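Participant: Quick one: the structure is below, questions incoming.
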């Protein structure tokens, strides 16, 4: 056979293979595009422990409160809305009624599910049910205090929060934000809120952009300090508490162990937080050994 004819035949075969491969590539690219268009939009960024959120540090006496917006610290359940799903801070979805979710805007929101002062146990029983009860949820309000990942200063975000909650269902509210002139005015407001059964106050820097994680742009002022620890053992009760929990033995993230023996109802002592659960406790100050003085049980950390 003529060598030129052989080369031409080989060239044609190669060209045919290349055209077939090209066609396959185009088909795959088209299918991939269809799948991507059909996929839901990505949710806002999450951390290993749940949706990204700003977490507060403790207010110090040397901080000038005039640079902050101030609001009441609500004793509710933290809830983050990404425009599609309402979640606990742990990242687990909240089983809210469909009508409750349908009333939320498409923007990401951060706030507290709340019934009222001194009503945390009642609220917790409502929002942690896997099958929501409409009549119970009609008592619940979603109190919004932040717009995660939104641009601008906190002052600008407050305006957006007020705008996006205006005209919505009565259970969707912007948390009241106000300014104080100095530390004396802050203290007066703090004392008034606590005397009325409130938790304390939150301070958010007016010029702060949104940040994730624990930050000094957000401060909390309460009559006590609070922290979290993991339950490692149940200590049995004595006397009146015979057959019930006497105290929780807990371990802090840095390995310190101590016991929490107060703050429990009898019902909680009969069914105490499980070993391995993370609980929130309150205390007045740390001892010289770094242990909390007068720790008091508050609640199991926000998990469904």
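The values are calculated or read from the model by the stated rules, or taken from the named source; none is laboratory data. Please read these numbers as outputs of a predicted model, since none were measured by experiment. Neighbour counts run over all protein chains shown; Cβ positions are idealised from the backbone, glycine included.
Participant: What are the pairs, 6+ residues apart or on separate chains, where a residue within region 279-294 that is at positive phi and in the same structural domain as residue 263 (by TED's automatic domain parsing) has its Cβ under 8 Å from a residue that is surrounded by 14 or more Cβ atoms within 10 Å (Cβ to Cβ) and part of a strand (DSSP E or B)?
Facilitator: Qualifying pairs under 8 Å: 294/283.
Participant: Another question, if that's okay. For region 120-132, give me each residue that is closer than 17 Å to residue 79 by Cβ and not in a helix (DSSP H, G or I).
Facilitator: Passing the criteria: 128, 129, 130, 132.
Participant: Same structure again: Among the residues of region 148-163, is any touching a strand residue (DSSP E or B) at 6+ places or on another chain (Cβ under 8 Å), modelled with pLDDT under 95 and over 16 Å from residue 86 (Cα atoms)?
Facilitator: Taking every residue of region 148-163 in turn, none turns out to be touching a strand residue (DSSP E or B) at 6+ places or on another chain (Cβ under 8 Å), modelled with pLDDT under 95 and over 16 Å from residue 86 (Cα atoms).
Participant: Applying the selection to region 231-248, what residues are under 26 Å from the mean Cα position of the chain (by Cα) and more than 28 Å from residue 197 (Cα to Cα)?
Facilitator: If the condition is that a residue be under 26 Å from the mean Cα position of the chain (by Cα) and more than 28 Å from residue 197 (Cα to Cα), then 231, 232 are the ones that fit.
Participant: Continuing with this model, one more query. Wholly within region 134-239, which strands (runs of 3 or more DSSP E) include no fewer than the required count, namely at least 1 residues that are closer than 30 Å to residue 294 by Cβ?
Facilitator: Qualifying strands (runs of 3 or more DSSP E): 141-146, 201-205, 213-221, 225-236.
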